Amino acid sequence: MAVMNTIDLTGVSAESWADAARQAIKEASRTIRQISKLDVVSTSAIVEDGVIAEYHTEVRLFFRVEER
């Protein structure tokens, strides 16, 4: 029987909310194996001088707990 674990992360991008989500999973996959699902929890942005300077996407990653 599989057991899943989750972690919440916030990705940051100067391009888009989608790219921010990609950055979060890219960084997480460097140390977490068997990531199988991503949920977008929320999006937000940092605004400077009336324009979006940074896109933030909070994601929840799901990954399988490794069996011994």
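For the reader, a short list of remarks on this structure follows.
- Looking only at the stretch 28-40, residues that are within 9 Å of the chain's Cα centre (by Cα) and surrounded by 13 or more Cβ atoms within 10 Å (Cβ to Cβ) come to 3 in all.
- Of the numbered criteria (1) at pLDDT below 95; (2) touching a Leu at 6+ places or on another chain (Cβ under 8 Å), the one R60 fails is (1).
The values are calculated or read from the model by the stated rules, or taken from the named source; none is laboratory data. This structure is a prediction, so every number in the text was calculated from the model and none was measured. With ideal geometry, Cβ positions are generated from the backbone for all residues, glycine too; neighbour counts draw on all protein chains shown.
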